[in-house]
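> Mind having a look at this structure? Questions to follow.
The values are calculated or read from the model by the stated rules, or taken from the named source; none is laboratory data. These numbers come from a predicted model, not from an experiment. Here the Cβ is made from the backbone with ideal geometry for all residues, glycine too, and neighbour counts use every protein chain on show.
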Amino acid sequence: MYDTIGFIGAGRITRIMLGGLRRAGALPRRILVHDPDAVAVAALKGLPGAEAATLAQAAAADLVFGALHPPALAESLPAIARALRPGAVFDSLAPKVKLATLRERLGGFDRLARQNPNAPSIVGEGYNPIAFDPGLPAADRATLLAFLAPLGQAPVVDESTIEAYAVISAMGPTYFWFQLQTVRELAQEFGLDRTAADAAVKAMAGGAAATLIEGPLEPAEVMDLVPVRPLAEDEPAIRAALQNRLRAMHAKLRS
C-alpha cells in the first residue's frame, strides 16, 4: 500500500477522506498536507500521522491527492510536477481539469486518476467514482482502489462522466440533508426520543431510495404507494428547482 500520502489542499474533502480512513483504522503512517491556509492545516493535526508540509513535500508522497478547487489546482500543477516522484500516483479530486490537461501541465506524468469523492465517505458509505489515465498500470489501479475501499464504493467510470457524478453523487447529499434534518427534528418534537427518531429517519431514507431504484414498480407507481402526500402542492416547485439548478451546474462544470 502507500507509506506516505500527500494532500494538496486541506479543505472539506481532505477532512472527509482522512476522517473516513481514521474511522476504518486505515490511515497511512505519514500524511503530508499542504494548504496556504494554516488554520485549515491545523484542523487536521489531531489525525495520527498528519503534518503540515510544503507543496513540494506533499507532492513527493507515494500517493498525492489534488484537493484544490479547479482554478487553484490548475495553477499549482507546474510546481507539483517538479516534486512528483516517477513511481508516485496523482489523484485529482477536482472537476473540470481533465486527465489530458493534468498530463500536459505535469510535464507528461501519466500515472493519474480523477475522482469525485462524496461526503458519506467520512462514515465509510461514500460513492466515489474514479477514472484512470491509460498510463496508470493495472496493478497500480488495484492498489489505489484497495486504499480507497474503506471509504465506500469507488466504481471505475469513463472520464467523460466525472462532471455528471460531481452534480449527482458529490453534491447530491446537500439536496436532501436539510430535509432529513428537518424531519429528524420534527420526529423528536412529535414525541420520539433521539435514538428512535434517528433510526426511523435513517431506515426511511434508505428504504425510500431502495424502493424507487430496486423495486418492481415504475417511478409513478412508487410515488403513489403512500396515500397522504403533505408536500404534494410543493413538489412541482421542488422538482423545477432541482432540474434548473442542477442542469446549470452541470453545464458550468462541462464548460
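> Kindly indicate whether any position in the range 162-177 is under 23 Å from Arg111 (Cβ atoms), of a type in the set (D, E, K, R) and outside the structural domain of Ala24 (by TED's automatic domain parsing).
Yes - at least one qualifying residue is present in the range 162-177.
> Still on this structure, please answer the following. Looking only at the range 125-135, filter to residues that are crowded, with 17+ Cβ neighbours inside 10 Å and not aliphatic (A, V, I, L, M); which one of those is farthest from Thr14 (Cα to Cα)?
Asp133
> Output the number of the condition that Ala138 fails; it satisfies all remaining conditions of (1) exposed (fewer than 14 other Cβ atoms within 10 Å of the Cβ); (2) in contact with a helix residue (DSSP H, G or I) (Cβ under 8 Å, 6 or more places away or on another chain); (3) of a type in the set (Gly, Ala, Ser).
(2)
> Further question on the same structure: From Leu21, Leu32, Leu44, which residue is within 19 Å of Ala81 (Cβ to Cβ) and either of a type in the set (Asp, Glu) or touching a helix residue (DSSP H, G or I) at 6+ places or on another chain (Cβ under 8 Å) (or both)?
One residue alone meets the criteria, Leu32.
> I'd like to check something: does the range 42-55 contain any residue that is touching a residue at least 12 places away in the same chain (Cβ under 8 Å), loosely packed, with under 15 Cβ neighbours inside 10 Å and of a type in the set (A, V, I, L, M)?
no
> Name the pairs: first residue in the range 216-240 and free of Cβ contacts under 8 Å to residues at least 24 places away in the same chain, second residue surrounded by 10 or more Cβ atoms within 10 Å (Cβ to Cβ), Cβ to Cβ under 6 Å, at least 6 apart or on different chains?
Val222/Thr211; Val222/Leu212
For (1) within 19 Å of the chain's Cα centre (by Cα); (2) assigned by TED's automatic domain parsing to the domain that holds Asn128; (3) among the β-branched types (Val, Ile, Thr), each residue gets a yes or a no:
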{"site": "Gly11", "(1), (2), (3)": "yes, yes, no"}
{"site": "Arg29", "(1), (2), (3)": "no, yes, no"}
{"site": "Ala42", "(1), (2), (3)": "no, yes, no"}
{"site": "Ala50", "(1), (2), (3)": "no, yes, no"}
{"site": "Ala53", "(1), (2), (3)": "no, yes, no"}
{"site": "Ile80", "(1), (2), (3)": "no, yes, yes"}
{"site": "Ala83", "(1), (2), (3)": "no, yes, no"}
{"site": "Gly108", "(1), (2), (3)": "no, yes, no"}
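> Restricting attention to helices (runs of 4 or more DSSP H) lying wholly within the range 170-255, give those where 2 or more residues are among the small types (Gly, Ala, Ser).
194-214, 235-254
> Further question: Can you confirm whether the range 144-156 contains a residue that is aromatic (Phe, Trp, Tyr), surrounded by 14 or more Cβ atoms within 10 Å (Cβ to Cβ) and under 15 Å from the mean Cα position of the chain (by Cα)?
Taking every residue of the range 144-156 in turn, at least one turns out to be aromatic (Phe, Trp, Tyr), surrounded by 14 or more Cβ atoms within 10 Å (Cβ to Cβ) and under 15 Å from the mean Cα position of the chain (by Cα).
> For residues that are within 21 Å of Asn118 (Cα to Cα), assigned to a loop (DSSP other than H, G, I, E, B) and hydrophobic (A, V, I, L, M, F, W, C), tally how many sit in the range 10-53.
So the count comes out to 7.
> Please work out which one of (1) of a type outside the set (A, V, I, L, M, F, W, C); (2) without any contact (Cβ under 8 Å) to a residue 60 or more places away in the chain; (3) out of contact with any Gly (no Cβ under 6 Å at 6 or more places or on another chain) is the condition Asp35 fails and give its number.
Unmet for Asp35, out of (1) of a type outside the set (A, V, I, L, M, F, W, C); (2) without any contact (Cβ under 8 Å) to a residue 60 or more places away in the chain; (3) out of contact with any Gly (no Cβ under 6 Å at 6 or more places or on another chain): (3).
> So which residues in the range 56-74 are surrounded by fewer than 17 Cβ atoms within 10 Å (Cβ to Cβ), in contact with a Lys or Arg (Cβ under 8 Å, 6 or more places away or on another chain) and over 16 Å from Ala88 (Cβ atoms)?
Within the range 56-74, just Pro70 meets the criteria.
> Within the range 62-112, can you find the residues that are closer than 17 Å to Gly9 by Cα, in a strand (DSSP E or B) and of a type outside the set (D, E, K, R)?
Leu63, Val64, Phe65, Gly66, Val89, Phe90, Ser92
> On to the next question. Residues in the range 169-180: is at least one in contact with a strand residue (DSSP E or B) (Cβ under 7 Å, 6 or more places away or on another chain), within 30 Å of Ile5 (Cβ to Cβ) and surrounded by 13 or more Cβ atoms within 10 Å (Cβ to Cβ)?
Scanning the range 169-180, I find at least one residue that is in contact with a strand residue (DSSP E or B) (Cβ under 7 Å, 6 or more places away or on another chain), within 30 Å of Ile5 (Cβ to Cβ) and surrounded by 13 or more Cβ atoms within 10 Å (Cβ to Cβ), so the answer is yes.
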